[in-house]
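Q: One structure is given below, represented as structure tokens, and several questions about it will come after.
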Amino acid sequence: MTAEANEKAAIALLTRAVTLDQACRFTESFNCYTEGTQLLMEAIKGMTDRAKIDGFRAKANTYLTRAEQIKVHIATEKQKGRYTEHLDIQQDATGFSYNSVLGRFLGADVAWAHVEDPYIKKHHQCMNFLRLCELLVLKCTQLKEIRLVTTAGDEERTRKLTDLTNNLKSRGVTLSVTFSTTLHDRQIRLSNGWVVKIGRGLDYFKGPEGQMSLGYFDLDLRPCLQTTVDIFYDKK
């Protein structure tokens, strides 16, 4: 990108970082501070105005210092076993795909993912679970197992989960499915200690307006139903 483009992108990211920081959404704000500062430094390389360069470098140092403070805060709270984040997703809000909500917690340190959701029954709910599995496989390079706890469904749902099980097996990932008649919690638990609880489970998106509407494939463009997300770190 050009220096001007880097500057514009950096300002947008750093503005978002401050907003997330103020909302105590620290894992997100840390990423935005880090990425935004990197873009700001790239923009500086293409500048010639000394006063502007010095001003931007000072801002970059301020943001890097804040990012380091957040990093230490997260690590300290994780060690104490009490790190939490809360997110309110408003009705019709966009920008809350599975990757946006939990992608930052996925990486090579995730060997298994445990998904509890009573509503993996209808076709679109099965597709939501498939999307989550795709995200896990893409981002968790050492992933070995996905565990799904849900309620019993019909033969069509069973066939879909069997097909998915076989497909994941070809990727070296085991999908185990168990059924519960008393399941109420909706959560995603990761082997690296992160737990993501979504009030509506995976089914928090509105249906697409049509097959040719934005958001049909990219869930960051899909309007959401109102729900809450609670994220915490389980030291155990």
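Q: Keeping to the stretch 2-49, report how many residues are of a type in the set (Asp, Glu), more than 15 Å from ALA60 (Cα to Cα) and at pLDDT below 95.
A: Number satisfying all stated conditions: 2.
Q: Here is a follow-up. Among the residues of the stretch 203-210, are any outside the structural domain of ALA75 (by TED's automatic domain parsing), outside any strand (DSSP E or B), hydroxyl-bearing (Ser, Thr, Tyr) and under 23 Å from the mean Cα position of the chain (by Cα)?
A: Yes, some residue in the stretch 203-210 is outside the structural domain of ALA75 (by TED's automatic domain parsing), outside any strand (DSSP E or B), hydroxyl-bearing (Ser, Thr, Tyr) and under 23 Å from the mean Cα position of the chain (by Cα).
Q: Please list, ordered by first then second residue, the pairs with beta carbon atoms under 6 Å, 6 or more apart or interchain, first in the stretch 212-234 and assigned by TED's automatic domain parsing to the domain that holds ILE188, second assigned to a loop (DSSP other than H, G, I, E, B) and at pLDDT below 95.
A: GLY215/PRO208; TYR216/PRO208
Q: Here's something else I'd like to know. Would you mind telling me which numbered condition in (1) over 14 Å from the mean Cα position of the chain (by Cα); (2) within 30 Å of GLN22 (Cβ to Cβ) LEU106 fails?
A: In the conditions (1) over 14 Å from the mean Cα position of the chain (by Cα); (2) within 30 Å of GLN22 (Cβ to Cβ), LEU106 misses (1) alone.
Q: Something else now. Just to be sure, is PHE205 more than 30 Å from LYS80 (Cα to Cα) and either surrounded by 16 or more Cβ atoms within 10 Å (Cβ to Cβ) or modelled with pLDDT under 95 (or both)?
A: yes
Q: Could you please find all residues in the stretch 165-198 being part of a helix (DSSP H, G or I) and among the aliphatic types (A, V, I, L, M)?
A: Scanning the stretch 165-198 gives a single hit, LEU168.
Q: Output the number of residues of the stretch 146-164 satisfying the condition of being over 22 Å from ARG189 (Cβ atoms) and assigned to a helix (DSSP H, G or I).
A: 8
Q: Still on this structure: With respect to THR76, is the statement that it is closer than 18 Å to LEU102 by Cβ, part of a helix (DSSP H, G or I) and not assigned by TED's automatic domain parsing to the domain that holds ARG104 true?
A: So THR76 fails the test.
Q: Restricting attention to the stretch 1-43, which residues are among the hydroxyl-bearing types (Ser, Thr, Tyr), more than 19 Å from the chain's Cα centre (by Cα) and assigned to a helix (DSSP H, G or I)?
A: Once the filter is applied, which keeps residues that are among the hydroxyl-bearing types (Ser, Thr, Tyr), more than 19 Å from the chain's Cα centre (by Cα) and assigned to a helix (DSSP H, G or I), the stretch 1-43 yields THR15, THR37.
Q: What pairs can you find where one residue is in the stretch 159-188 and within 18 Å of ASP203 (Cα to Cα) and touching a residue at least 24 places away in the same chain (Cβ under 8 Å), the other is loosely packed, with under 15 Cβ neighbours inside 10 Å and of a type in the set (D, E, K, R), and their Cβ atoms are less than 9 Å apart, with a gap of 6+ or different chains?
A: Here the result reads GLN187/ASP230, each pair linking the stretch 159-188 to a residue that is loosely packed, with under 15 Cβ neighbours inside 10 Å and of a type in the set (D, E, K, R).
The values are calculated or read from the model by the stated rules, or taken from the named source; none is laboratory data. Please read these numbers as outputs of a predicted model, since none were measured by experiment. Using ideal geometry, Cβ is built from the backbone for each residue, glycine included, and neighbour counts are taken over all protein chains shown.
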